[in-house]
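The values are calculated or read from the model by the stated rules, or taken from the named source; none is laboratory data. Keep in mind the model is a prediction, meaning the values are calculated, not measured. As a convention, Cβ positions derive from the backbone with ideal geometry for all residues, glycine included, and neighbour counts pool all protein chains shown. For accessibility, only protein heavy atoms count, side chains too; no ligands or nucleic acids. Shrake-Rupley method; radii C 1.70, N 1.55, O 1.52, S 1.80 Å.
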Amino acid sequence: QVRLVDSGGGLVQPGGSLRLSCAASGSIFSILFMGWYRQAPGKQRELVAGITSGNSTNYANSVKGRFTISRDNAKNTVYLQMNSLKPEDTAVYYCKWVTPRTEYWGQGTQVTVSS
């Protein structure tokens with residue numbers, strides 16, 4: 001069964017940067033949407049950034065201008081470049097891919113922004 005593997009999280013100081021990656025363990029076809037979500041303790045999971053098959057992107061207001069989502073179709077990978085990180089960005093980050101038949105979730109990667 002194909003899985004998504006997300007990685008790249010860690011501990012970073014405020015103002016720092018991280019790049020998250022999400023790759024499929026096998027082939028996934030007809031991907032309509034790729035997104036990054038996050039869930040902080042005691043809060044609901046929220047959409048951080050998304051990119052469609054037509055390369056349209058959208059971002060949560062809280063990350064606009066700081067985060068950038070991109071995809072590499074040849075590598076079947078989606079990235080989230082996170083700059084100017086703030087303590088409030090601390091959360092577990094999950095990737096999600098949507099096809100016409102189903103959706104896939106990564107296992108999550110912890111991002112902690114703290115001095």
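Quick notes on this structure:
- Spatially, region 38-62 and region 1-34 are offset by 13 Å when compared through their Cα centroids.
- Between Ala24, Ala91, Ala60, the Gaussian network model of the chain with springs among Cα atoms under 10 angstrom shows the greatest mean-square fluctuation at Ala60.
- Overall, the accessible surface of region 16-94 at a probe of 1.4 angstrom is composed of carbon and sulfur to the extent of 47 percent.
- The phi torsions of region 16-29, fed into the Karplus equation with coefficients 6.51, -1.76 and 1.60 and a -60° offset, translate into couplings of x, 10, 9, 10, 8, 10, 9, 10, 8, 6, x, 7, 10, 10 Hz, rounded to whole numbers, with Gly and Pro shown as x.
- Per residue accessible area in Å² of the chain, where ligands, DNA and RNA are left out and the probe is 1.4 Å: 54
- Here the 3J(HN,Hα) profile of region 100-105, calculated from phi with Karplus coefficients 6.51, -1.76 and 1.60 at θ = phi - 60°, is x, 9, 7, 9, 10, 10 Hz, Gly and Pro shown as x.
- Measuring max minus min along each principal axis, the C-alpha atoms of region 33-100 give extents of 34, 24, 20 Å (largest first).
- Per-residue ³J(HN,Hα) for region 40-53, Karplus 6.51 cos²θ - 1.76 cosθ + 1.60, θ = phi - 60°, Hz, x for Gly and Pro: 8, x, x, 10, 6, 5, 10, 6, 9, 7, x, 9, 8, 5
- Think of each Lys and Arg Cβ as +1 and each Asp and Glu Cβ as -1; about the Cα centre, that makes the dipole of the chain roughly 60 debye.
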